[in-house]
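One structure is given here, and the rest of the page talks about it.
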Amino acid sequence: MQNFVRTGLALILVCTATCLMASTAAIGFAVSAGSFQVNAHAAQGTATLFEGSVIETGKTPSQIRLEDGTQLRLASDSRAQVYRSRVVLEKGSGQLESSSSYPIESRSLRVFSTAPDTIARVRVGDQGKVLVATVRGSVRVANSTGLAVANLTTGLSMAFDPAVGTSAAAKLAGCLYEREGSDFIFDAATKTAHGLKGADLARETGKNVQITGIEDPATHVIAVTGWKPLSGGQCAKFAKAAKESGVEAAVKSVGVTGGAVAAGAAAAGVAGAAGAGIGAAATVAVVGGVAAATTVGGLAASGTFGGSGTQTNTHPPTSR
């Protein structure tokens, strides 16, 4: 009996030690040309990062490199909490420099790359808004439930307001198409497809329209309550390709040709201005409880990161 107890205690001690080692294992390091803080403690030059470490930059930006090769930067006057699987941006701006699906989270939104060698910037804006800009490659922006609310390619930037809530009416503008017996709209501004239901939608297939409706929070299918025709784009060709081969194939073969549709929707007042603090914008889509707006000068407003944005220090820290 005593041997059994001793063995049990030994196993508990081994498990406890293993768990403690796992919880305190370094996940990467941060490096800066100036001073910064990690978990409210001053750091100079370099600092080791652990699961949940909080980094806050001062007047100089900081670079972060994780053990799995993920790279990101924090602009000056920024704060983020770093984990193995994600970084949570709480203040300022962050820049993702990775081909992995490692996301930047901010105010219930998740931003992650969808192409190799992507560089994307995320900024915490005023009045609860988040600005996302793609410097290179492509990114997807998802809401708290994982629903894609926008896809951004090189040079594009959008402002997002996740505070409009799921009770807000869905408002989209783009090409209506049918696929496997179901109706969809490919939103011209956010470059995302969303399921629709409603009487007489079939006769609008192949047309550019602006729709409003009530979104089912469980399925994200939008029950259309009204629509109006919009001009521009090559919707008939796009709808045919989407029906035969899927929306991704349609985007590749026909292209995203809804610029005139998005502009028409904004002019028609799909929603109001995105608000001050993250650049001039006109809201052109509301879906998944998130308002999305194209922005002007979004890249310039995303913060100062230092360097070229692609250089990385690959050496581990030697201090702290």
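Per the conditions (1) in contact with a Leu (Cβ under 8 Å, 6 or more places away or on another chain); (2) modelled with pLDDT of 95 or more; (3) closer than 22 Å to Val124 by Cα, the sole criterion not satisfied by Leu72 is (2).
The number of residues in segment 113-171 being touching a helix residue (DSSP H, G or I) at 6+ places or on another chain (Cβ under 6 Å) and crowded, with 22+ Cβ neighbours inside 10 Å comes to 3. Quick one: would you say Asp183 is acidic (Asp, Glu), surrounded by 21 or more Cβ atoms within 10 Å (Cβ to Cβ) and either at pLDDT 90 or above or touching a Gly at 6+ places or on another chain (Cβ under 7 Å) (or both)? Considered against the rule, which asks whether it is acidic (Asp, Glu), surrounded by 21 or more Cβ atoms within 10 Å (Cβ to Cβ) and either at pLDDT 90 or above or touching a Gly at 6+ places or on another chain (Cβ under 7 Å) (or both), Asp183 comes out as no.
One residue alone among Ala47, Ala80 is touching a His at 6+ places or on another chain (Cβ under 9 Å), at pLDDT 95 or above, in a strand (DSSP E or B) and crowded, with 22+ Cβ neighbours inside 10 Å, and that residue is Ala47. Contact map, segment 228-256: first residue over 13 Å from Gly174 (Cβ atoms), second residue β-branched (Val, Ile, Thr) and in a helix (DSSP H, G or I), Cβ cut-off under 9 Å, separation 6 or more or different chains; pairs are Lys237/Val254; Lys240/Val254; Ala241/Val247; Ala241/Val251; Ala241/Val254.
Where in segment 134-242 are there strands (runs of 3 or more DSSP E), lying fully within it, with 1 or more residues that are within 30 Å of Gln95 (Cβ to Cβ)? Break it down into steps so the answer makes sense when it comes.
On the way: elements: 138-142, 148-153, 157-161, 170-179, 182-187, 192-197, 208-215, 222-229.
Fully inside segment 134-242 and qualifying: 138-142, 148-153, 157-161, 170-179, 182-187, 192-197.
Inclusion of Gln95 among residues that are buried (at least 19 other Cβ atoms within 10 Å of the Cβ), in contact with an Asp or Glu (Cβ under 6 Å, 6 or more places away or on another chain) and not β-branched (Val, Ile, Thr) is not warranted.
So, Tyr102, is that one aromatic (Phe, Trp, Tyr) and more than 16 Å from the chain's Cα centre (by Cα) or not? Steps first, answer last, please.
Working: aromatic (Phe, Trp, Tyr): yes; more than 16 Å from the chain's Cα centre (by Cα): no.
No.
Quick one: count up the residues across segment 122-169 that are more than 26 Å from Ile222 (Cβ to Cβ) and among the charged types (D, E, K, R). Result for segment 122-169: 3. Here Ala239 clears all of (1) modelled with pLDDT of 90 or more; (2) out of contact with any strand residue (DSSP E or B) (no Cβ under 8 Å at 6 or more places or on another chain); (3) small (Gly, Ala, Ser) except the condition numbered (2).
The values are calculated or read from the model by the stated rules, or taken from the named source; none is laboratory data. These numbers were taken from a predicted model, which means no experiment stands behind them. Note: ideal-geometry Cβ built from the backbone for every residue, glycine included; neighbour counts use all protein chains shown.
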